[in-house]
Structures are given as C-alpha cells and as structure tokens.
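For reference, the structure is listed below as structure tokens.
The values are calculated or read from the model by the stated rules, or taken from the named source; none is laboratory data. Note that the structure is predicted; figures quoted are calculated from it, not measured. Here the Cβ positions follow ideal geometry from the backbone for every residue, glycine too, while neighbour counts run over all protein chains shown. To get the accessible areas, we keep the full protein, side chains included, count just its heavy atoms, and leave off ligands, DNA and RNA. Shrake-Rupley method; radii C 1.70, N 1.55, O 1.52, S 1.80 Å.
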Amino acid sequence: MTRRAYVIGHPIAHSISAAMHNAAFAAVGFDGRYEAVDVEPEALGAWVEKVRRAETLGFNVTIPHKETITRHLDRVEGDGQLTGAVNAVIVESDARGQVHLTGTNTDTLGFRRLLSEEEGCSLEDQRVLLLGAGGAARAVALVALQDGARELWVVNRHVERADRLIADLQQVRQGTATEAVAWHENRLEALLGSATVVINATPIGLASTEMPVDPSPVQASALVVDLIYNPLKTALLRAAAERGVTVLGGLGMLVHQAAAAFERWTEAEAPIGVMRSAAEAALKERTQR
Ligand code: NAP
C-alpha cells in the first residue's frame, strides 16, 4: 500500500515540501507519496476526517492552520503544546485499527539544527532580537528559552501579540530576560546594536527586495538570520553581509523541519542532502517560471 502524506495550507502553491519529501521517499526506498493540498479554513475539519485512515502517514500544516488544527487532533505533544502551533501531524493505527492523530512542532528542531549544522552555534547566552511574533517566531522564541538565551526582545507591529507570546512561553525558563517591543519604538536601533543574534520571522523580504529593518546598527560580530528561504539570500542578509556580519538564510530550517517529520513518519533516517538538493531545485524552477 502506498502511504500518503500531505502539506495543507491556504494558499499552498508556493510550497516546495512535496519536492523534498518525494525525493526522500525515493532515496530511502519507502513506498510513499506526498502532495500539497489547498484547504480553506472552513474546510479544515472535514479534510482532516477524510485523511483519518491507515493509508495516511501524516501531514504538514502551514499558514493559516497551525493553531486551529489542534482542535481536530487527538493530542498535541512536546513543542507543539509549548508553542501552541502544530506544523506536523503523525497518523497512527492502534491494535484495534483505530486511527490516532498526534500534532507536534518540528520548526523548533529545524531552527535549532539550522544554527548548529550551518553555523556551529546555539542561542545559549545570546542577546536575541526577534522580529515578528507569529507561528515561526513562537518556535524561535521557544528555542531561545530552552537553549538558555541571556536576553530575548520580541519586536512586533502589534505589540500585544508579542506580549502574548512572552506570557505563553514564560514558564519554559525564568533565566532569560524577555521583553515585548513595539516595532516603531525608537529603541529598535539601540537594540539592533546590542543584539548578538538578530532573527527575521516576518514575511518582509519574501519574494521582494524589502527589508524589515536597516541592519546598519548591527555589530560586525553578530549573526543575522532570516527565516525566509525565497530568495535564498534576502535583501536584509545581503545588506548585513556587506557590512561583514555573518548571515544565515531559512532554507536549512525548512529542510531540517521536513527531515524531522519524515523520520517520525517513516522511522527511516532522512536523507538530508537529497532533501536539500530537491528544495534548491524546486526553488530554482519556481524563480525561472
Ligand atoms: P505569521 O504567523 O503570519 O506571522 C507573521 C509575522 O510577521 C507577525 O508577527 C506579523 O506581525 C509580522 N508581519 C507581517 N507583515 C508585516 C509588516 N508588513 N510589517 C511588520 N510586521 C509584519 O507567519 P509565520 O508562519 O510566523 O511566518 C513568518 C515568516 O517565516 C514567513 O516568511 C515564512 O515563510 C517564514 N517561515 C520559514 C520557515 C522555514 O522553515 N524557514 C518556517 C516557518 C516560517 P503582526 O502580528 O503585527 O501582524
């Protein structure tokens, strides 16, 4: 039986997850098929019931369903529970043939591995400036707290969302000094100058040449990370790199969060190199269209 996996979102045409997972299935000889499905918010519950069957391996979840999906699952585990955002669902059958849906969050692992595998670093003891307070920012903030950041400033346009993020995650670790900052506060420039790691978790710069902030005040010894992977090097990263700052794009996070879901579904080791090449090829094809 060919096992099925999906990514659901609305819209979903931009997704390159199918390219990564189908290449991985082929590389490890697993009889699986992954496809992207556009699911509108009002159709979410019905879609989940449709795939609640033994043939389904699981599915990834992206905007706008990462939070609302939880009410359609049997349980939410680990970082999915801590962040309140689910990006991967595992579908399993018990001995009586009953199918159970478990939600988790692999963006946290993806982000942690982006830093460790590509830069040999972590957020331990860092002064972290996080731009954005949405689903991706929640994953980054959780990693900052779990891995022992010294300070975490969460900068958001709607500052109350940053307040909520901090309140929700506060119990994870008391040792990190946390603060919500309104986007246009004059303090932003000073904070950019004192941060050791600056992370863009907003879509500003996605398929555009816009920058969420001017990186001029960032110290040359700092690291600037952009979770965006299209383009591979955003305008923010290019401007920071020109000033001698070390920069990291988001493709590694995308590959590692996908690899973590793949391993959970198949119990096979994810072929990281194959998945990364497939992602790069899919992105290239998209930009040439
Ligand atoms: P989301 O939940 O919709 O959150 C978007 C965030 O960006 C919010 O904090 C929002 O602020 C802010 N924002 C949006 N437009 C803005 C603007 N014009 N000015 C200022 N702030 C703005 O999205 P998400 O899932 O967190 O995704 C954020 C980005 O991360 C996307 O570009 C996504 O592609 C990327 N991402 C990458 C990976 C990866 O694996 N590399 C994984 C997940 C996400 P308000 O709250 O004020 O609206």
> Which of the residues belonging to segment 112-132 are open to solvent by 50 Å² or more (accessible area, probe 1.4 Å) and either touching a Gly at 6+ places or on another chain (Cβ under 6 Å) or within 14 Å of the ligand (Cβ to nearest atom) (or both)?
Replying inline: 112, 113, 117, 118, 124
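Listed residues 189, 151, 185, 179; which is closer than 24 Å to residue 245 by Cβ, touching a Phe, Trp or Tyr at 6+ places or on another chain (Cβ under 6 Å) and among the charged types (D, E, K, R)?
Unique residue meeting the criteria: 179.
Yes or no, residue by residue, for (1) farther than 26 Å from residue 279 by Cβ; (2) within 14 Å of the ligand (Cβ to nearest atom):
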residue: 13; (1), (2): no, yes
residue: 20; (1), (2): no, yes
residue: 26; (1), (2): no, no
residue: 68; (1), (2): yes, yes
residue: 82; (1), (2): yes, no
residue: 86; (1), (2): no, yes
residue: 99; (1), (2): yes, no
residue: 104; (1), (2): no, no
>> One residue is enough: does segment 205-222 have a residue meeting the conditions within 14 Å of the ligand (Cβ to nearest atom) and buried (at least 24 other Cβ atoms within 10 Å of the Cβ)?
In response: no
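Whether any residue in segment 42-56 is of a type in the set (Gly, Ala, Ser), open to solvent by 10 Å² or more (accessible area, probe 1.4 Å) and under 23 Å from residue 253 (Cβ atoms) is what I want to check.
Taking segment 42-56 as the starting set, the residues that turn out to be of a type in the set (Gly, Ala, Ser) are 43, 45-46, 54.
Still in the list and also open to solvent by 10 Å² or more (accessible area, probe 1.4 Å): 43, 45-46, 54.
If we keep only those that are under 23 Å from residue 253 (Cβ atoms) as well, we get none.
The answer is no; no qualifying residue exists.
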>> I'm told residue 166 meets every condition in (1) within 12 Å of the ligand (Cβ to nearest atom); (2) within 15 Å of residue 84 (Cα to Cα) except one. Can you identify the failing condition by its number?
In response: (1)
> Given the structure, is residue 141 open to solvent by 20 Å² or more (accessible area, probe 1.4 Å), within 16 Å of the ligand (Cβ to nearest atom) and within 25 Å of residue 185 (Cα to Cα)?
Replying inline: no
> For segment 261-279, how many residues meet the condition of being surrounded by fewer than 21 Cβ atoms within 10 Å (Cβ to Cβ) and under 19 Å from residue 107 (Cβ atoms)?
Replying inline: 4
> Are there any helices (runs of 4 or more DSSP H) wholly within segment 156-256 with 3 or more residues that are in contact (Cβ under 8 Å) with a residue 24 or more places away in the chain, hydrophobic (A, V, I, L, M, F, W, C) and closer than 30 Å to residue 285 by Cβ, and if so which?
Replying inline: 235-242
>> Suppose we keep only residues that are open to solvent by 60 Å² or more (accessible area, probe 1.4 Å) and within 16 Å of the ligand (Cβ to nearest atom) within segment 169-186. Which one would you say is modelled with the lowest pLDDT?
In response: 185
>> Against the condition within 16 Å of the ligand (Cβ to nearest atom), crowded, with 23+ Cβ neighbours inside 10 Å and not assigned by TED's automatic domain parsing to the domain that holds residue 63, how does residue 199 come out, does it pass?
In response: yes
